[in-house]
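Presented below is the structure to which this report refers.
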Amino acid sequence: MTQETVQANKSFILKLLINVAVCLIGLAFFVGSFGVARGFQQVVGADEYSRFLSVLLMVLGVMGVGRSIVDNRKGLFEGQELKIFVDMQRAGGRIITLFLLLVLNISLIRLIGYFEAGFVFMTLAIFSLGAKTAKRFGSSALFAAGITLIIYVVFGIILNIYLPRGLIFN
């Protein structure tokens, strides 16, 4: 087996595993959606919304699995690394940082509230994607404050949608 064939098999298996993981995440969301209660004053319940997204994930995952198999049979994996994997390797640190910030955001929502957690997430996300200077941090915080205020006015005041309240926005 040549090096090129081994690389093609690795790319195929990796792409196949990613698509299977998307299917499994969709299935987990679908099963979990039956435990979600209908929200207060919602036209479409939170359970229906999550079921729609989970079915969409499962369909996209199945389509990706099928596409991987077809591409492998056509020999499209041979001779080149998949562009998505090259891009992911270059941006790996940023992807991991944003994922960890997202986990932090979700954890903070119950502790300090939706808007405050969103402000922290946006500030740190914008700052982490650019130059690490004090001026950049300040501009990130100002931009995040503006976006947070706009979201509060639109969703909290105009549309009167309940979002977890926090320390500042009650």
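No value in this document is a laboratory result; all are computed from the given coordinates. In this text, all values refer to a predicted model and were calculated from it rather than measured experimentally. Ideal geometry is used to build each Cβ from the backbone, glycine not excepted, and the neighbour counts take in all protein chains shown.
Stretching Leu163 away from Ala91 to a fully extended chain increases their span by 22.7 nm, per 0.36 nm per residue minus the current alpha-carbon distance. Based on alpha carbons, the Rg and Dmax found for the stretch 91-170 are 13.3, 39 Å.
Set the Förster distance to 45 Å, then compute FRET efficiency between Val62 and Ser107 from the Cβ-Cβ distance, nearest 0.05.
0.90
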